[in-house]
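Here the structure is laid out as structure tokens; the discussion comes afterwards.
Only the coordinates and a few stated rules stand behind these numbers; no lab work does. These numbers were taken from a predicted model, which means no experiment stands behind them. Backbone-built Cβ (ideal geometry, glycine too); neighbour counts: all protein chains shown.
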Amino acid sequence: MSHAVFVTGAVGFIGSHVSEALLARGDRVFGFDNFDPFYDRRIKERNLASLSADPAFSFLEGDIRDASALARWGEGIPPDALIHLAAKAGVRPSVADPVGYADVNVHGTIRLLEWARERKVPKVLFASSSSVYGGNTKVPFSEDDFVDHPVSPYAATKKAGELLCHTYCHLYGMSVAALRFFTVYGPRQRPEMAIHKFTRRILEGKVIDLYGDGSSRRDYTYIEDIVAGVLGALTAPPGYRVYNLGESATISLSELVALIEKACGKPAVRRFKPPQPGDVPVTYADISLARKEIGYDPRTPIELGITRFIEWYRNEATTGPT
């Protein structure tokens, strides 16, 4: 049975993959994106062109803070679900622009929740982040851990979004699942993210900056696994839910660079710098709840994911903007 699924951030990294997967299973997808100038617009335009080849995809360019644009989005079509992925992304840039991040990520999210309430959307998914765990030292991170000590404006806006989702669930009976993504990577990854940036600079023979001593650890999650988790969350039990979507394995920064060097067949030129404000020493997902309730089952170890990413990157480098 076909569903009408509305996706914000639909032509970004995660959004374009989620939209493709929804179309592949026969859903109608209504995309919304503002082409934020955070990176080259042409990258999203290529994603849009690919999605638009499917007649079941329709798109509106607009800002999630703009109520009039939202009012026009899929007008007259009753939504079966809203997947809210649009946001100003990134921990480090948020330290330089806390007001901008709060405006888009908090103001924009409550606009979307109000839109969903008015349209009587039966299921809402909200893209949260592992950054809400802050500097928590108990690992792996569990959904019922205390997360009231974010260490970056980005993390604080994601925690605020979760609180707004809970409020709308409580007041209006809306079913909402907040998905805490753990460092998503893979084809079409944003160019400023570590794996993409390291790959580009290693292949170009340029210096890569490593913040800290290389011992910080991350739970990197391959895009196909994240997409499976997002689609699974559309079947989450009613009410308010929070799920970790990670690979549930960690790798140090030094080990990650070594993997990329091996896959590129070139050595990295490393330059160590002090840790940056907002960075945390470790992220590590306990995914037992997502396994149990939405059938989440990540299957892509970092070694395989890096190989796939670099194959994509080499191909893209010869065909268009990366």
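Computed values, structure above
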| item | result |
| --- | --- |
| Sequence-separation-based contact order of the range 88-171, relative, with Cα cut under 8 Å and 6+ spacing, percent | 41 percent |
| With 5 Å bins from 0: P(r) over the range 1-146, alpha-carbon pairs, percent | 2, 9, 19, 21, 19, 15, 9, 5, 2, 0 |
| Among ILE251, GLY265, GLY9 - extreme Cα towards positive end, dipole of the chain, charges at beta-carbon | GLY265 |
| Close Lys-Lys pairs in the chain, where close means Cα under 20 Å and separation is 8 or more or interchain | 16 |
| Integer Hz, Karplus 6.51/-1.76/1.60 couplings in order for the range 205-218, x for Gly and Pro | x, 9, 5, 10, 8, 10, 8, x, 9, x, 8, 4, 10, 10 |
| Amide H contacts of LEU210 (H built 1.01 Å from N, under 5 Å, at least 5 apart or other chain) | ARG271, PHE272, LYS273 |
| Helix axis angle, 108-118 relative to the chain longest principal axis, alpha carbon, degrees | 30 degrees |
| In sequence order, calculated HN-Hα J values of the range 89-94 (Karplus, 6.51, -1.76, 1.60; Hz; x Gly/Pro) | 9, x, 6, 5, x, 5 |
| Principal axis dimensions, largest first and in whole angstrom, of the chain by Cα | 55, 44, 37 |
| For THR183, THR235, order by how many other beta-carbon atoms lie within 10 Å, fewest first | THR235, THR183 |
| Inter-centroid distance (Cα atoms) of the range 126-171 relative to the range 1-46, Å | 24 Å |
| Selection of trypsin sites (Lys or Arg not before Pro), the range 1-88, meeting DSSP coil and at most 13 other Cβ within 10 Å | ARG25 |
| Loop sites in the range 45-122: GluC sites (Glu not before Pro), DSSP, at most 13 other Cβ within 10 Å | GLU75 |
| Percent breakdown of C-alpha pair distances by 5 Å bin, ordered from the shortest bin, for the range 149-214 | 3, 13, 14, 16, 15, 12, 10, 7, 5, 3, 1, 0 |
| Dipole magnitude (debye, nearest 20) for the range 4-317, charges at Cβ of Lys, Arg, Asp, Glu | 460 debye |
| Relative contact order computed over the range 4-317 (Cα-Cα under 8 Å; 6+ residues apart), in percent | 18 percent |
| Least to most buried among VAL280, VAL207, VAL18 (fewest other Cβ within 10 Å first) | VAL207, VAL280, VAL18 |
| All Cα pairs of the range 73-188, percent lying beyond 17 Å | 57 percent |
